[in-house]
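*Asks:* I have a structure here, written as structure tokens, and I will follow up with some questions on it.
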Amino acid sequence: MGYREVPLEKRLKENIRNYRLENLYEVQQMREQLKCLEQLTGIQVLVTERHGEKMISVGNFADFKPDVVNEPGRKLRVENRTVGHVYSRLDKVESDKAELAERFLEELVAMWERLGQESYEGRERAMYIDETESRQSQGRTLLQGSKEDVLTGVLNKTFFEERVKVLDRSEVVPLAALEANINDWKFVNDHYGVEESDRLIRVIAEQIRSCAREEYVIGRVDGDVFRIVIPLPEEGEVEDYVNRIKLSCEEYEDEILSPSIAVGVMMKTNVEEKLKEVFAEAEYKMFEDKFEMKQDSAYQARLHRNI
């Protein structure tokens, strides 16, 4: 979905499926709200991502395994799509307060949905306008513009997906599929503005490109999401590439930015597989990597050093 070819209205309907809770909300603020709610009423709450990854846990959910398909709890929806799930436990709630606690939680989820919608629309509109202006000011040729993402210079989503189809038809295996997502893009956007959040995207893109070999296929497929295909990787090549990107981000010195990226990797080893399906599996791996990285105290200290 190249931004130039897709009207803003259609982009708003489609792009929400690529957002995670941290892209839409201040997760720490949500956690504090739920802690206050637990103290007032005793209700315990777990918030998960759309696929069931635990994001916020206030109370005893250590042994609880969310089943978002069969028991989705309260669905947290933005742009008519589920972006998360909210589960509650009333074990510690006094019987006469149970109904009030549940009603309060319903109102809180409704407020989150309104705030998420505003955050999503504001971000997408700002990016759409910014990239349109960037295209015009840079004066790229039609041929270049049809292939490149104007903000980063890597392949745009439309052309990247065309390259993926060619690779599928070539029946070359193995292929490594890497799903990469910028950590805390929304934090930078909220605290430092659009210019700095766009600069973060450019900085990350440069790390991805500078660490890559010439044959790597790199695309920016959404606002803070990149995908990379490595044809016929040698033993240890993919791991080395990911480690070099992350180290390059950690060593980047800047007064404002603290670049960090989560990466998920899956291999296509069967010519019958489609890279699109392999990337879907890589996305789950990326979620796991993101959760682990977000718990790192050193990274959090870097991120918040100027706040």
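*Asks:* Exactly one condition in (1) without any contact (Cβ under 8 Å) to a residue 24 or more places away in the chain; (2) within 17 Å of the chain's Cα centre (by Cα) is false for Ile208; which is it?
*Replies:* (1)
*Asks:* Here's a check for you: in segment 262-297, which residue that is open to solvent by less than 60 Å² (accessible area, probe 1.4 Å), in a helix (DSSP H, G or I) and acidic (Asp, Glu) is farthest from Glu250 (Cα to Cα)? Quick ask: steps written out before the conclusion?
*Replies:* Keep residues of segment 262-297 that are open to solvent by less than 60 Å² (accessible area, probe 1.4 Å), which gives 262-266, 268, 271, 273, 275, 278-280, 282-283, 286-287, 289-290, 293-294.
Applying the additional criterion that residues be in a helix (DSSP H, G or I) yields 275, 278-280, 282-283, 286-287, 289-290, 293-294.
Still in the list and also acidic (Asp, Glu): 283, 289.
Details: Glu283: 22, Asp289: 16 Å.
Only one residue fits best here, namely Glu283.
*Asks:* Does segment 162-174 contain at least one residue that is modelled with pLDDT under 90 and under 30 Å from His304 (Cβ atoms)?
*Replies:* no
*Asks:* Hey, could you check segment 102-153 for residues that are at pLDDT below 90 and of a type in the set (A, V, I, L, M) and say which is nearest to the chain's Cα centre (by Cα)?
*Replies:* Met127
*Asks:* Select, from Ala62, Ala98, the only residue that is open to solvent by 60 Å² or more (accessible area, probe 1.4 Å) and more than 20 Å from the chain's Cα centre (by Cα).
*Replies:* Answer to the check: Ala62.
*Asks:* Let me ask something additional. For segment 22-56, how many residues are closer than 21 Å to Glu71 by Cβ and surrounded by 19 or more Cβ atoms within 10 Å (Cβ to Cβ)?
*Replies:* 11
*Asks:* Could you list, in sequence order, all residues of segment 250-279 that are hydrophobic (A, V, I, L, M, F, W, C) and modelled with pLDDT of 95 or more?
*Replies:* Within segment 250-279, Ile261, Ala262, Val263, Val265, Met266, Met267, Leu275, Val278, Phe279 meet the criteria.
*Asks:* Which condition does Gln300 not pass, out of (1) under 15 Å from Glu49 (Cβ atoms); (2) open to solvent by less than 70 Å² (accessible area, probe 1.4 Å), if it passes all the others?
*Replies:* Checking Gln300 against (1) under 15 Å from Glu49 (Cβ atoms); (2) open to solvent by less than 70 Å² (accessible area, probe 1.4 Å), the one that fails is (1).
*Asks:* Consider segment 21-38. How many of its residues are within 21 Å of His51 (Cβ to Cβ) and either of a type in the set (A, V, I, L, M) or touching an Asp or Glu at 6+ places or on another chain (Cβ under 6 Å) (or both)?
*Replies:* Residues that pass the stated criteria total 5.
The values are calculated or read from the model by the stated rules, or taken from the named source; none is laboratory data. This is a predicted model, so every value here is computed, not measured. All Cβ positions, glycine included, derive from the backbone under ideal geometry; neighbour counts span all protein chains shown. Side chains included, ligands, DNA and RNA excluded: accessible areas come from the protein's heavy atoms. Shrake-Rupley method; radii C 1.70, N 1.55, O 1.52, S 1.80 Å.
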